[in-house]
Amino acid sequence: MNNKKLITMGEQFGRRSWAEPWKIKMVEPIRITSPQERRDALEKAGYNTFLLHSKDVYIDLLTDSGTGAMSDRQWAGIMLGDEAYAGSRNFFHLEEAVQKYYGYRYLVPTHQGRGAEHLLSQALIKPGQYVPGNMYFTTTRLHQELAGGTFVDVIIDEAHDPPNLHPFKGNVDLDKLEALVKRVGAESIPYISLAGTVNMAGGQPVSMANVKALRALCDRYSIPIYLDATRMVENAFFIQEREEGYKDKTIAAILQEFCSFTDGAWMSAKKDNLVNIGGWLAVNDSDLFDALRNMVVIYEGLHTYGGMAGRDMEALAIGITEAVDDDHVRSRVEQVRYLGNLLTNWEIPIVKPVGGHAIFLDAKSFYPHIPQDQFPAQTLAAGLYLDSGIRGMERGIVSAGRDPKTGDHRYPALELTRLAIPRRVYTQAHMDVVAEAVKAVYDSREQTKGLKMVYEPKYLRFFQARFERAS
Ligand code: F0G
């Protein structure tokens, strides 16, 4: 593995350019549609970008989940799949990779992140308990609620303020957390749900100082910390870049140090870990491991495959190794930042600082004339698709869902449209096209009308809800 810092031609000659540390071996054609085709497709999809067919999408920024490109080595690993039902050799490679880079003792494989969330929530949460975390994530909170818990947001206030330039907007507010512990009692808190980076806040990182202080606080009250490690490698990059004392440490070393302050982690391997499907759950507590290993056979598959094929586990083990390469992480985050800088230069309102995996357009600032219950961020995602066939995703009131007790919409402070960048898939030219499309939509913002919801599913409504143009 090459963990040397990349010295670019640009740096050598005093310019600040960078290039991807890979070249392209295989291409997948994409197609620009006509405005009429897009109008028809969007109407058929009920103005929900999740319901579009991918053949009708030009540049697909719906998610960075499972949409990355695997390397030649990972594809070679696919051919080494050991499809034994039990004890596949690929499982042991995966176990070794997680232990080596994340540092946890025991591994439970799952088919993807929410499979791991389900197991952990069911194993740890008792009805009536509270689960504090640094901002909710949709599937994470739902599994905590289905286990009878109530999620409590204890992220710092800066996270809810899009233009605020705090370098670690993912940090836990320790005062908010301690106030909760004092109010409900430590015995009512099964664990802290800590995410690095924080997806819904804009891919914002948690600092090493914060996780250290969190550990100290939790030790006082004997509360464990479980980490959503889905984008923790990107979090490590921000620590290397921004936190004193980490400039000369490798991403791998920072990742391991951060994880050492937590008791275990769950993973959607479809992001940082560079595979199209997969997940895992890793813990240090042997009793908890026994419980999880027993549960996984009910919901996912035997404890040596957890819903993945042997070949998937091999690609994942290799992906974990590639993911912590310093050059890879740097080029990944810098590509996101490149798009962010183009938009910022045009004074288009986005969440700042730009996070690790996506640009988040501030739909409230785009459309101050559209009330939140007419779905400004959903409107913006639809508008961007209509303009240019680029697909983003709503991360606002639709994603926030309804309060399970009152049945009312939850009104989140952040009303965002996310443009997530898949890993190792698009070029700088694609980013230029995206920036110009966002600008065109921004320039015509005043004429835009909101939406009304005409179909609403019970769970995770953003995936399947349908809308019409509000009159
Ligand atoms: N945690 C985080 C922070 C996530 O972003 C996701 C998925 C999950 C857990 C669940 O993992 O999808 O493998 O079951 N995020 C995707 C996204 C869907 O588009 O942000 P999963």
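With respect to (1) open to solvent by 20 Å² or more (accessible area, probe 1.4 Å); (2) under 30 Å from residue 35 (Cα atoms); (3) in contact with a strand residue (DSSP E or B) (Cβ under 6 Å, 6 or more places away or on another chain), the lone exception for residue 112 is condition (2). Evaluate the following for residue 379: is it out of contact with any helix residue (DSSP H, G or I) (no Cβ under 6 Å at 6 or more places or on another chain) and open to solvent by less than 10 Å² (accessible area, probe 1.4 Å)? Spelling it out, residue 379 is indeed out of contact with any helix residue (DSSP H, G or I) (no Cβ under 6 Å at 6 or more places or on another chain) and open to solvent by less than 10 Å² (accessible area, probe 1.4 Å). Scanning the stretch 194-230 for residues that are out of contact with any strand residue (DSSP E or B) (no Cβ under 8 Å at 6 or more places or on another chain) and either of a type in the set (D, E, K, R) or in the same structural domain as residue 421 (by TED's automatic domain parsing) (or both) yields 212, 219, 220.
For the stretch 349-378, the set of residues classified as in a loop (DSSP other than H, G, I, E, B), farther than 28 Å from residue 66 by Cβ and in contact with a strand residue (DSSP E or B) (Cβ under 8 Å, 6 or more places away or on another chain) consists of 349 only. Considered as a group, the residues in the stretch 223-280 that are in contact with a Ser or Thr (Cβ under 7 Å, 6 or more places away or on another chain) and farther than 25 Å from residue 425 by Cβ include one that is most open to solvent (accessible area, probe 1.4 Å), and that residue is 243. Of the candidates 142, 165, the single residue that is open to solvent by 30 Å² or more (accessible area, probe 1.4 Å), part of a loop (DSSP other than H, G, I, E, B), in contact (Cβ under 8 Å) with a residue 12 or more places away in the chain and out of contact with any helix residue (DSSP H, G or I) (no Cβ under 7 Å at 6 or more places or on another chain) is 165. Scanning the stretch 146-156 for residues that are under 20 Å from the mean Cα position of the chain (by Cα) and open to solvent by 10 Å² or more (accessible area, probe 1.4 Å) gives 151, 152, 153, 156.
Considering (1) surrounded by fewer than 19 Cβ atoms within 10 Å (Cβ to Cβ); (2) assigned to a helix (DSSP H, G or I); (3) within 16 Å of the ligand (Cβ to nearest atom); (4) among the aliphatic types (A, V, I, L, M), the lone condition that residue 297 does not fulfil carries the number (3).
Within the stretch 34-61, the set of residues being within 15 Å of the ligand (Cβ to nearest atom), closer than 18 Å to residue 335 by Cα and open to solvent by less than 20 Å² (accessible area, probe 1.4 Å) comprises just one member, 61.
Checked against the criterion of being among the small types (Gly, Ala, Ser) and open to solvent by 10 Å² or more (accessible area, probe 1.4 Å), the stretch 439-450 has at least one qualifying residue. Residues in the stretch 226-246 that are away from the ligand (no atom under 11 Å from the Cβ), touching a residue at least 60 places away in the same chain (Cβ under 8 Å) and of a type in the set (Ser, Thr, Tyr): 1 in all.
Yes or no, residue by residue, for (1) out of contact with any helix residue (DSSP H, G or I) (no Cβ under 6 Å at 6 or more places or on another chain); (2) in a helix (DSSP H, G or I):
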position: 226; (1), (2): yes, no
position: 244; (1), (2): yes, no
position: 248; (1), (2): yes, no
position: 256; (1), (2): yes, yes
position: 262; (1), (2): yes, no
position: 270; (1), (2): yes, no
position: 274; (1), (2): no, no
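The values are calculated or read from the model by the stated rules, or taken from the named source; none is laboratory data. From a predicted model like this one, the values you see are computed outputs, not experimental measurements. Positions of Cβ are backbone-derived with ideal geometry, glycine not excepted, and every protein chain shown enters the neighbour counts. Only protein heavy atoms, including side chains, enter the accessible area calculation; ligands, DNA and RNA are left aside. Shrake-Rupley method; radii C 1.70, N 1.55, O 1.52, S 1.80 Å.
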